[in-house]
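What follows is a single structure, written as structure tokens, with notes after it.
The values are calculated or read from the model by the stated rules, or taken from the named source; none is laboratory data. No experiment lies behind these values; they were computed from the predicted model shown. Glycine also receives a Cβ, built like all others from the backbone with ideal geometry; neighbour counts cover every protein chain displayed.
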Amino acid sequence: MKKYFLLLFLGLLVWNTYGQTGTTNLQEPGLFVGLNNGQRIYARKLQVKSPVFKKSFILIDDSAQYDLAGVQYFQDQQGFYTRVSNSKRSDFAKRVSVGKISKFYTSKTSYDNYYPGMYGPYGYGGYGYGMPSTRRVYYFSKDGGPLADLNYQNLRGALSENAGSIEVLEKYRRGKRLQTGLTVLGSGVFVYGLVNSIRNTGPSVVNRADPTLYLGLGLAAIPWLMNLFQKDHLNEAIELYNYDLAQEPPGQR
């Protein structure tokens, strides 16, 4: 009888530790899966499986399987992932920073001679052929809420109560306006130089090239150089917001 109660107690303990459910919490430690129905399952071992010709799924403790279509978020040894859902895509974004404002990303792959494919660390959208190029697409979440595109408009609303962050965002906006102006100006000067070059009747292509052609190319290249060397003001605004909040007394946060 004692052995029976001991086994029952251990069984309940294991279930409570690895099979309990709860509400969504984007900063919960451990390995777990959050389902679309609100259930959360903890695990000692969690693997994401993507078999060929079959649907991807999450394998819990080498036994239970959960279709990725029914998963809202999960956390494995690599980090925390949450679903990005809108009219165009449904992927999982990986969290790269944690705070009142947390940051996530997926990766976007474009193909030179076909349509772009969208994929995240776990989950794929469209596919294509040709030479691929990949870039990260960033999102943010405030207070563990739904993801939003990480851009000036969305951040300005989310960080509105922090004057320092808003000031940094305005630097970003002014920089973007300057880049747009230089791009338009450079394109116009380039077209002007191209037209003049066509009209010229020099002995060679080099001699016929109008100097404004090179000036236009130089102006259009400035925004690209600015992106290489200037600070990332969007991330700077998020970091300042999280830092200032961390300095406040707990009761004022």
In the stretch 41-56, which residues are part of a strand (DSSP E or B) and either under 14 Å from Tyr81 (Cα atoms) or small (Gly, Ala, Ser) (or both)? Ala43, Leu46, Gln47, Val48
Outside the structural domain of Lys103 (by TED's automatic domain parsing), closer than 30 Å to Ser97 by Cβ and modelled with pLDDT under 85: is that true of Leu245 in this structure? yes
Scope the stretch 142-182; condition over 21 Å from Ile222 (Cβ atoms), surrounded by 14 or more Cβ atoms within 10 Å (Cβ to Cβ) and among the polar types (S, T, N, Q); matching residues: Asn154, Asn162, Ser165
Being in a loop (DSSP other than H, G, I, E, B), of a type in the set (Asp, Glu) and either modelled with pLDDT of 90 or more or touching a helix residue (DSSP H, G or I) at 6+ places or on another chain (Cβ under 8 Å) (or both) is the filter here, so list the residues in the stretch 133-190 that pass it. Glu161
